[in-house]
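Some notes on the structure that comes next.
Values in this text are rule-based calculations from the coordinates and carry no lab data. Here the structure is a predicted model, which is why all the values come from computation and not from measurement. Glycine also receives a Cβ, built like all others from the backbone with ideal geometry; neighbour counts cover every protein chain displayed.
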Amino acid sequence: MSKVQQIAEPEVTEKVGRLVENIEQVIFGKREVVKLCVVGLLARGHILIEDIPGIGKTTLAQGLARSIDCAFSRIQFTSDMLPSDILGVSVLNPKTQDFEFRSGPIFSHIILADEVNRTPPKTQSALLEAMSEYQVSVDGITHALPQPFMVLATQNPIEYEGTYTLPESQLDRFMLRIEVGYPGPDDELLIMRRRDPKVALDRLRPVLSAPEVLELQERVGQVYVEESVAQYMLEIVQGTREDEHVQLGASPRASVSFYEICQARALVEGRDYVTPDDVKQMAVPVLSHRILVKSRGGNPATSARERARAVFDVVKRVAVPV
């Protein structure tokens, strides 16, 4: 069997499947959404879960966090939150007369940044260094963050009152943007009967340890990407920069994320090689939040659907490798 025809090791497939099934105990009828979250975790990425209130964004993030045996912090973002509330602060010790650093909630493996767009941009920017370099700097001293490290941020659409638009530099740090969507009728009936998801979340037990997560993340880098498939990814990214309806195309950071996400998706699907279908399926979640689209009036369009449509149109125009 050639390298590009191999199937991922059964042990890896079993661990991934166990993680997906565990999260599905608290989020019903959203298997593809759950898989996207697992893909982001294995790719060492951060995820932005965006949708209307009450759709299950927080439950999805908590389900993923509780399914791996790692330190977890939930940060409820508010309009009066300060960067020090996230990162920590240096406090004077009256006995030693020295300043001691008291770490903030960012010092966990999995961070749930709940309603991240309800806090002003200055506080949002406190996450930038942590998300890109896995460290934070306070009073000129750099502190390393634990591994694995992942930010799961939820936000309501910016049209809602009391929200702030995430800056482009912040959006570019998120490897994936995910919409949950309404549940189907049967699943919504189950949700109605369950009433409070907190009971199910409290019962949820970890199915993977931190070392196992790190091992799976290492396996992602070993997934084979054939040259024509890598070129296919690049042409899609470049297509966002050349499209007449796009004001700002995807960055080189987006290219790297695209490559790693496709590798992670292949592993989650039980393969050790990337297919063109992986590329097509991941294009919108990886690229749509990283571009600016011109509206009919010539101004940047903020609608997530307009951005997604622009990426989808680019994918349709790029020839699929055979």
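Please list, ordered by chain and number, the residues whose modelled amide H lies under 5 Å from the amide H of Ile178; skip anything fewer than 5 residues away on the same chain.
It is Leu48, Ile49, Glu50, by chain and number.
For the range 66-120, which chymotrypsin sites (Phe, Trp or Tyr not before Pro) are both in a DSSP coil and crowded by at most 14 other Cβ atoms within 10 Å? List each step's numbers first, then the result.
Working: sites: Phe72, Phe77, Phe99, Phe101, Phe107; in loops: Phe77, Phe107.
Sparse-neighbourhood loop chymotrypsin sites (Phe, Trp or Tyr not before Pro): none present.
Whole-Hz ³J(HN,Hα) for each residue in the range 52-68, computed from phi via Karplus 6.51 cos²θ - 1.76 cosθ + 1.60 with θ = phi - 60°, x for glycine and proline: what do you get?
Computed from phi, the couplings for the range 52-68 are 5, x, x, 9, x, 4, 5, 4, 4, 5, 5, x, 5, 4, 6, 7, 10 Hz.
For Lys122, go through the aspartates and glutamates and keep the ones whose alpha-carbon is under 17 Å away, minus same-chain ones fewer than eight residues off.
List returned: Asp80, Asp85, Asp114, Asp139, Glu168, Asp172.
Going by average Cβ neighbours within 10 Å, how do the peptides 128-135, 221-228 rank, with the highest at the top?
Details: 128-135: 15.9, 221-228: 14.1.
Averaged packing, sorted descending, gives the order 128-135, 221-228.
Could you derive backbone 3J(HN,Hα) for the range 269-275 from the dihedral phi with the Karplus parameters 6.51, -1.76 and 1.60 (θ = phi - 60°), listing whole Hz in sequence and x where the residue is Gly or Pro?
For the range 269-275, the Karplus curve yields 7, x, 10, 10, 8, 8, 10 Hz.
Quick query: amide H of Phe99 versus all other amide H atoms, modeled in the peptide plane; which residues come in under 5 Å with a sequence gap of 5 or more or a different chain?
Residues meeting the amide H criterion: Asn93.
Taking amide H positions as placed in the peptide plane 1.01 Å from N, state which residues far from Ser90 in sequence (5 or more) or on other chains have amide H under 5 Å from it.
Arg102
Restricting to Cα pairs below 8 Å that are 6+ residues apart, what does the relative contact order work out to for the chain? Please round to a whole percent.
Numbers: 570 pairs, mean separation 72.5, N = 322.
Result for the chain is 23 percent.
Is there a pair in Lys35/Lys294; Lys294/Lys316; Lys57/Lys294; Lys30/Lys294 whose C-alpha atoms are over 23 Å apart, and which pairs would that be?
Distance filter (> 23 Å) returns Lys35/Lys294; Lys57/Lys294; Lys30/Lys294.
Please report, in whole Å³, the volume per residue of the convex hull around the C-alpha atoms of the chain.
On the way: hull volume 51.8 nm³, N = 322.
Considering the Cα atoms of the chain, their hull volume per residue is 161 Å³.
Rounded to the nearest 500, what is the 222 nm mean residue ellipticity of the chain from helices alone, with -39500 (n - 2.57) per DSSP H run of 4+ residues and division by all residues?
Numbers: 14 runs with 141 residues, N = 322.
Rounded to the nearest 500, it is -13000 deg cm²/dmol.
Considering the options Val180, Val320, Tyr224, tell which one lies farthest towards the positive end of the dipole of the chain, charges being +1 on Lys and Arg and -1 on Asp and Glu at the Cβ, about the Cα centre.
It is Val180.
State the Cα centre-to-centre distance between the range 114-131 and the range 145-217 in whole Å.
16 Å
Using alpha-carbon pairs under 8 Å, 6+ residues apart, how would you state the relative contact order of the range 56-104 in percent? Don't skip to the answer; put the middle values down first.
Details: 29 pairs, mean separation 11.7, N = 49.
Here the relative contact order equals 24 percent.
How large is ³J(HN,Hα) for each residue in the range 83-95, as worked out from phi by the Karplus curve 6.51 cos²θ - 1.76 cosθ + 1.60 (θ = phi - 60°), to whole Hz, x for Gly and Pro?
Each residue's phi maps through the Karplus curve to give x, 5, 5, 9, 7, x, 8, 8, 10, 6, 8, x, 7 Hz.
Using a 10 Å cut-off on Cβ atoms, rank the peptides 89-96, 284-291 from the highest mean neighbour count down.
Descending packing order for the listed peptides: 284-291, 89-96.
Could you work out the relative contact order of the range 98-188? I mean the mean sequence separation of Cα pairs under 8 Å and 6+ apart, divided by the number of residues, in percent.
Details: 90 pairs, mean separation 31.8, N = 91.
RCO, the range 98-188: 35 percent.
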